[in-house]
1. For residues in the range 232-262 being under 24 Å from the mean Cα position of the chain (by Cα) and either outside the structural domain of residue 284 (by TED's automatic domain parsing) or of a type in the set (D, E, K, R) (or both), which is nearest to residue 78 (Cα to Cα)?
2. Name the residues in the range 136-156 that are more than 18 Å from the chain's Cα centre (by Cα) and within 15 Å of the ligand (Cβ to nearest atom), would you?
3. Of the conditions (1) in a strand (DSSP E or B); (2) in contact with a Gly (Cβ under 9 Å, 6 or more places away or on another chain), residue 16 fails just one. Which one is it?
4. Quick check on this structure: which one of 268, 254 is of a type in the set (Val, Ile, Thr) and surrounded by fewer than 16 Cβ atoms within 10 Å (Cβ to Cβ)?
5. Which is in contact with a Leu (Cβ under 6 Å, 6 or more places away or on another chain), surrounded by fewer than 19 Cβ atoms within 10 Å (Cβ to Cβ) and modelled with pLDDT of 95 or more, of 184, 224, 249?
6. Just to be sure before I move on: is residue 203 under 21 Å from residue 11 (Cα atoms), at pLDDT 95 or above, of a type in the set (A, V, I, L, M) and within 11 Å of the ligand (Cβ to nearest atom) in the structure I sent?
7. Among the residues of the range 119-133, how many are within 20 Å of residue 231 (Cα to Cα), in a loop (DSSP other than H, G, I, E, B) and more than 16 Å from the chain's Cα centre (by Cα)?
8. Suppose the filter is without any contact (Cβ under 8 Å) to a residue 60 or more places away in the chain and surrounded by fewer than 18 Cβ atoms within 10 Å (Cβ to Cβ); does residue 125 pass it?
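The values are calculated or read from the model by the stated rules, or taken from the named source; none is laboratory data. Nothing here was measured: the structure is a model prediction, and the numbers come from that model. Heads up, the Cβs are rebuilt from the backbone with ideal geometry, glycines too, and the neighbour counts pull from every protein chain shown.
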Amino acid sequence: MKVLVTGANGLVGRVLVKALALAGHEVIATGKGPSRLGFEHNLLRWYDADITHPFQLRSIMEAEKPEVVIHGAAMTQVDECEQRQKEAHSLNVEATARLLLDAEEFSSYFIFLSTDFVFDGERGIYSEEDDVNPISWYGQTKVEAEAVVQTSTIPWAIVRTCLVYGAKPEGGRANLYSWIRESLEAGKAIKVVDDQWRTPTLVDDLVNGILLLVEKQKEGIWHLSGKDQLTPYRFALKLAGAYGLDSGLLEKVTADNFSQPGRRPLLTGFNIEKASMELGFAPRSIDESLEYLRQ
Ligand SMILES: NC(=O)c1ccc[n+]([C@@H]2O[C@H](COP(=O)([O-])OP(=O)(O)OC[C@H]3O[C@@H](n4cnc5c(N)ncnc54)[C@H](OP(=O)(O)O)[C@@H]3O)[C@@H](O)[C@H]2O)c1
């Protein structure tokens, strides 16, 4: 299948693009600026496209007419969204709406990447039917974009995921796993929160789930995350234990230790039963993921 991916230089995008090409899909990878994929394949083409530009993606869509669009590009940093609300809206909502219109013209299936931050975090282990109630601007923009996607005239899927981690890509931003591992390996003490519960998601597992959707072209909302619920501090303890690193460097703190512009939900994490039953989604446990990433 011909698949267009936005946000291809991102944490999820890089792994996704590679997996799609290796699975035999023709991949149109797009990102702002040059490719930082560090991966070449005869089924992969790179296009430089700023999704906030009204015509850049449209001309690519017109030229390539992908059968599937996977839209991952977004302003993803919660504090940045809070501080630059107009830009966050333009990127996360308006650009999504424009791309969806193009997809309605040239494609057949649209996958939108969303987040557990659409929920308020009062309860945790959310399923797809639960009511959204964002407490940050990031979450608000994703809720608005989800609403736009749900009005589409072509088949769509909304993939919500939660605290994604994995090996840090060359020149990429740190994630929970890479930050803790690098800090402990360098003998650096870090403060890690123990009052925000999540079901952390190994990026490779998320990508496997997205590939299942591409294959089965199922519609609706899908919760794709890891299966273990824990806090970043408990994740860090597991990592230290698995890799023989000094857990004494980990200081357990609560979120109110940090003054951050964007609020984070306390209790999230997903019920992934629907994806397990209907897609065959089977993420690793945290212990298996740490073993997988150890090298
Ligand atoms: N990571 C998580 O824990 C998590 C959790 C829940 C949901 N999600 C969702 O999953 C998706 C992928 O997340 P991620 O972790 O891969 O995020 P990421 O690493 O921040 O990737 C987002 C990508 O969007 C690109 N981008 C930003 N502005 C753009 C623009 N104007 N035009 C074109 N591209 C632009 C960025 O480009 P540059 O790299 O050049 O800046 C980046 O590569 C996002 O929609 C996010 O909301 C992620």
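1. 234
2. The answer is 148, and nothing else.
3. Every listed condition holds for residue 16 apart from (1).
4. On the way: 268 fails: surrounded by fewer than 16 Cβ atoms within 10 Å (Cβ to Cβ).
Just one listed residue meets the conditions, 254.
5. Numbers: 184 fails: surrounded by fewer than 19 Cβ atoms within 10 Å (Cβ to Cβ); 224 fails: surrounded by fewer than 19 Cβ atoms within 10 Å (Cβ to Cβ).
249 is the lone residue from the list that is in contact with a Leu (Cβ under 6 Å, 6 or more places away or on another chain), surrounded by fewer than 19 Cβ atoms within 10 Å (Cβ to Cβ) and modelled with pLDDT of 95 or more.
6. On the way: under 21 Å from residue 11 (Cα atoms): yes; at pLDDT 95 or above: yes; of a type in the set (A, V, I, L, M): yes; within 11 Å of the ligand (Cβ to nearest atom): yes.
So residue 203 fits the description; yes.
7. As a first pass, look at the range 119-133 and keep what is within 20 Å of residue 231 (Cα to Cα): 119-127.
Now restrict to residues that are in a loop (DSSP other than H, G, I, E, B): 119-125, 127.
Of the ones still in play, those that are also more than 16 Å from the chain's Cα centre (by Cα) are 120-125, 127.
Of the residues in that region, 7 qualify.
8. Values: without any contact (Cβ under 8 Å) to a residue 60 or more places away in the chain: no; surrounded by fewer than 18 Cβ atoms within 10 Å (Cβ to Cβ): yes.
Considered against the rule, which asks whether it is without any contact (Cβ under 8 Å) to a residue 60 or more places away in the chain and surrounded by fewer than 18 Cβ atoms within 10 Å (Cβ to Cβ), residue 125 comes out as no.
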